[in-house]
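Novice: First the structure, which I've put down as structure tokens, then a few questions once you've had a look.
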């Protein structure tokens, strides 16, 4: 953990930073990692764009509403289920 | 006095936990399985729709998933939560169908989502109005299309994690993968989506 944080705060190599972006976006959202990424992103347009667009993408996905199950799909499901449950 | 009156009011019944319903099904109670279907039919349809990309295939996968769940529920040993087990069945059924489906481009003419959900989507810099609604529909269609085009291994992770909101740990249980593998596939899948949706991001 410490090793990773050290890398996050010290490295300026985009390849390494992109791995850290993957970790960050994958759920490892500790503050030090976030701070390091933001610091790097302030001086690197490409990494900033990558981080920003991934965050936007995830936000879009999270806001995506559930699909509406069509009435016909539901009706067919229940016909099949009841046939299975009460076959005798 | 008021206190007595309040006490006289029956508390609303708490929903029966999934595990209890499963035990009842295992003991031969069919109605308990109906309750489980009612509880999860929409969530499972979401998963099958996102994975299959069209209504007809999603409907078949939905039916197969619940039939399999019923036929194998006797073997459920409560080592995981019921929903994890059910989602695993639904995902496996869908992925199996996807793999069998030869590489035929199917263009869905189904409405991918309900109209009522439109307003839940926030798109910065566009004010409410027809333009925004159009942009939302456009983005939603583009998102589903991009998800449809993902490799099944990436698609399943992205659908469960980003669209269904499961945690990394839950996805790892559903797909029988390590958490590290989930994170890796998730990132690769997101990078592909990012490229395909670059216009909107």
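We did not get these values from a lab; they are worked out from the coordinates using the rules stated. Given the structure is predicted, the values throughout are model-derived calculations rather than measurements. Glycine also receives a Cβ, built like all others from the backbone with ideal geometry; neighbour counts cover every protein chain displayed.
Novice: Determine the gain in length on full extension of the stretch residue B:199-residue B:181; use 0.36 nm per residue of separation and subtract their C-alpha separation, reporting nm with one decimal.
Specialist: Contour length minus the Cα-Cα distance gives 3.6 nm.
Novice: Under the rule a/c < 1.5 gives rounded, and otherwise a/b versus b/c splits prolate from oblate, where does the range A:2-85 land using the Cα gyration tensor? Mind dumping the intermediate values first?
Specialist: Working: a/c = 5.06, a/b = 3.03, b/c = 1.67.
Here the range A:2-85 falls in the prolate category.
Novice: Hey, another quick one. So what is the relative contact order for the range B:12-101, in percent, with contacts set as C-alpha pairs under 8 Å and at least six apart?
Specialist: Numbers: 69 pairs, mean separation 27.9, N = 90.
Relative CO of the range B:12-101 lands at 31 percent.
Novice: Here's a follow-up. Could you give the spread of the C-alpha atoms of the range B:12-101 along their three principal axes, from largest to smallest, in whole angstroms?
Specialist: 42, 30, 21
Novice: Round to a whole angstrom and tell me the spacing of the C-alpha centers of the range A:14-48 and the range B:14-74.
Specialist: The range A:14-48 and the range B:14-74 have Cα centres separated by 40 Å.
Novice: Rounded to the nearest 0.05, what FRET efficiency do residue B:100 and residue A:31 give with R0 = 45 Å and r taken as the Cβ-Cβ distance? Could you check?
Specialist: Computed FRET efficiency for residue B:100 and residue A:31 comes out at 0.45.
Novice: In what sequence, highest mean first, do B:71-81, A:72-82 appear when ranked by Cβ atoms within 10 angstrom?
Specialist: Put in order of decreasing packing, that is A:72-82, B:71-81.
Novice: Could you put A:45, B:84, B:48 in order, starting from the residue whose Cβ has the fewest other Cβ atoms within 10 Å?
Specialist: A:45, B:84, B:48
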